[in-house]
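What follows is a set of notes on a single structure, which appears directly below.
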Amino acid sequence: MAKDGSTAAADGTTAGSGDIARSLELLWGAGERPSRGPKPGLTLDRIVTAAVAVADAEGLPAVSMRRLSTELGTGTMSLYRYVPGKAELLDLMLDRVLGEPLSAEPDRPAGADGTPGDWRVAIDAMAHTYLDNLRRHPWLLKINQARTVLGPSALRGLELALSALRSMRLRDPELIGVIITVNSFVEGLARTQGDAAEAVAQTGLSDEQFWDSQRPYLERAMLSGAYPMMAGMSEDTFSADFDHFEFGLQRLIAGFEALVQERTAERTADPAAEPATNRTPGPTAEPAPDPTADRT
């Protein structure tokens, strides 16, 4: 049982299942450096980097404090001077990989003249970037992110997404809905692709071999007359050449386009109906120190 009362999954893949206060300290650079013992030869950055590398290569179950101590050439107890355990380490790993695409993003995702950029292009880029990230780190799909501990990268990513979508002029809950819808679509396709690759690795059978083994039974079923719709489908129906990701993404964008047009018509009919995203912001709080300045 975690200190916040949540319970981690049996395989330790529940984000936010550890000491939330400690995770937040580490994520935002407020955690104290080890103050006792010899001069540390480790950094939190090195530990997180090693953990991500192990997870990428062998999956999240392979990540353990003992394994990381071997990778880093240090004693297991030395790692606990930097991070309490695997649950908190998972929070740091998650924020690390979510931040990878941000280095390629402009500080202000807008047009060259400072006006909001095309939200359609932004959604397309958002979806492809997230898909690439999930392919680099397939273990992300194994994590329960229902209660993610929000770090600098997660908030920066959300800030950039909202800025890129502001030209849609939707209500704030709707903008969050757009992001959730796109991310859920990407995760669904990525999970299907990941499951297919995992099935090949586990069984030793390629997709072609798997379906060829069923061909005689399926052909008899199609000739039986019991499945007229399927029997009448074209030969390229299940072709690997068809890009289901691009097809679905463009349909999503078309659906959002219809919503934007609907909201534009509403504002034309009632000029007072202005979305929250277009209100003039009030005074901002005094900026906090950069939380990413020293995260070691």
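The values are calculated or read from the model by the stated rules, or taken from the named source; none is laboratory data. Remember, it's a predicted structure, so these values are computed and weren't measured experimentally. When we count neighbours, we look across all protein chains shown, and the Cβ atoms used for this are built from the backbone with ideal geometry, even at glycine. In case anyone asks, the SASA skips ligands and DNA or RNA and just uses the protein heavy atoms, side chains included. Shrake-Rupley method; radii C 1.70, N 1.55, O 1.52, S 1.80 Å.
Residues in the stretch 144-152: is at least one open to solvent by less than 20 Å² (accessible area, probe 1.4 Å), over 19 Å from Ser17 (Cα atoms) and in contact with a helix residue (DSSP H, G or I) (Cβ under 9 Å, 6 or more places away or on another chain)?
Residues of the stretch 144-152 open to solvent by less than 20 Å² (accessible area, probe 1.4 Å): 149, 151-152.
Okay, now just the ones that are also over 19 Å from Ser17 (Cα atoms), so none.
The answer is no, given that none of the residues of the stretch 144-152 is open to solvent by less than 20 Å² (accessible area, probe 1.4 Å), over 19 Å from Ser17 (Cα atoms) and in contact with a helix residue (DSSP H, G or I) (Cβ under 9 Å, 6 or more places away or on another chain).
Take Ser6 and decide whether it is surrounded by fewer than 19 Cβ atoms within 10 Å (Cβ to Cβ), assigned to a helix (DSSP H, G or I), under 22 Å from the mean Cα position of the chain (by Cα) and at pLDDT below 75.
Working: surrounded by fewer than 19 Cβ atoms within 10 Å (Cβ to Cβ): yes; assigned to a helix (DSSP H, G or I): no; under 22 Å from the mean Cα position of the chain (by Cα): yes; at pLDDT below 75: yes.
So Ser6 does not fit the description; no.
Look through Leu98, Leu134, Leu102 and report the one residue that is modelled with pLDDT of 95 or more and among the aliphatic types (A, V, I, L, M).
So the residue among Leu98, Leu134, Leu102 that is modelled with pLDDT of 95 or more and among the aliphatic types (A, V, I, L, M) is Leu134.
Among the residues that make up the stretch 177-190, is at least one of them more than 15 Å from the chain's Cα centre (by Cα), small (Gly, Ala, Ser) and closer than 20 Å to Phe256 by Cβ?
Let us first name the residues in the stretch 177-190 that are more than 15 Å from the chain's Cα centre (by Cα), namely 177.
Next cut, small (Gly, Ala, Ser) only: 177.
Add one more test, that the residue is closer than 20 Å to Phe256 by Cβ, and what stays is 177.
So far as the stretch 177-190 goes, yes, one or more of its residues are more than 15 Å from the chain's Cα centre (by Cα), small (Gly, Ala, Ser) and closer than 20 Å to Phe256 by Cβ.
Identify all residues within the stretch 161-188 that are part of a helix (DSSP H, G or I), open to solvent by 40 Å² or more (accessible area, probe 1.4 Å) and of a type in the set (D, E, K, R); write none if there are none.
Arg166, Asp172, Glu187, listed by residue number.
Would you say Leu189 is among the aliphatic types (A, V, I, L, M) and within 24 Å of Phe242 (Cα to Cα)?
On the way: among the aliphatic types (A, V, I, L, M): yes; within 24 Å of Phe242 (Cα to Cα): yes.
So Leu189 fits the description; yes.
Which condition from (1) open to solvent by less than 60 Å² (accessible area, probe 1.4 Å); (2) of a type in the set (A, V, I, L, M); (3) over 24 Å from Val54 (Cβ atoms); (4) under 12 Å from the mean Cα position of the chain (by Cα) is the one that Leu141 breaks?
Of everything listed in (1) open to solvent by less than 60 Å² (accessible area, probe 1.4 Å); (2) of a type in the set (A, V, I, L, M); (3) over 24 Å from Val54 (Cβ atoms); (4) under 12 Å from the mean Cα position of the chain (by Cα), Leu141 misses just condition (3).
Name the residue, out of Thr43, Thr13, that is at pLDDT 55 or above, under 12 Å from Met93 (Cα atoms), open to solvent by less than 50 Å² (accessible area, probe 1.4 Å) and out of contact with any Phe, Trp or Tyr (no Cβ under 6 Å at 6 or more places or on another chain). Full working, then the answer.
Values: Thr43 fails: under 12 Å from Met93 (Cα atoms).
After ruling out the rest, the residue left standing is Thr13.
Among the residues of the stretch 54-73, how many are open to solvent by 10 Å² or more (accessible area, probe 1.4 Å), within 19 Å of Leu141 (Cα to Cα) and outside any helix (DSSP H, G or I)?
Of the residues in that region, 2 qualify.
Residues that are under 14 Å from the mean Cα position of the chain (by Cα) and among the β-branched types (Val, Ile, Thr): does the stretch 156-176 have at least one?
Checked the stretch 156-176: no residue is under 14 Å from the mean Cα position of the chain (by Cα) and among the β-branched types (Val, Ile, Thr).
Conditions: (1) outside any loop (DSSP other than H, G, I, E, B); (2) farther than 30 Å from Trp119 by Cβ; (3) modelled with pLDDT of 95 or more. Gly225 meets all but one. Number of the miss?
Condition (1) is where Gly225 drops out.
Filter the stretch 169-211 for residues that are among the hydroxyl-bearing types (Ser, Thr, Tyr) and at pLDDT below 95 and give the result. Even if it seems obvious, please write down each step before you answer.
Start the filter on the stretch 169-211 by keeping residues that are among the hydroxyl-bearing types (Ser, Thr, Tyr), which leaves 181, 184, 192, 203, 206.
Listed by number, the residues that qualify are Thr192, Thr203, Ser206.
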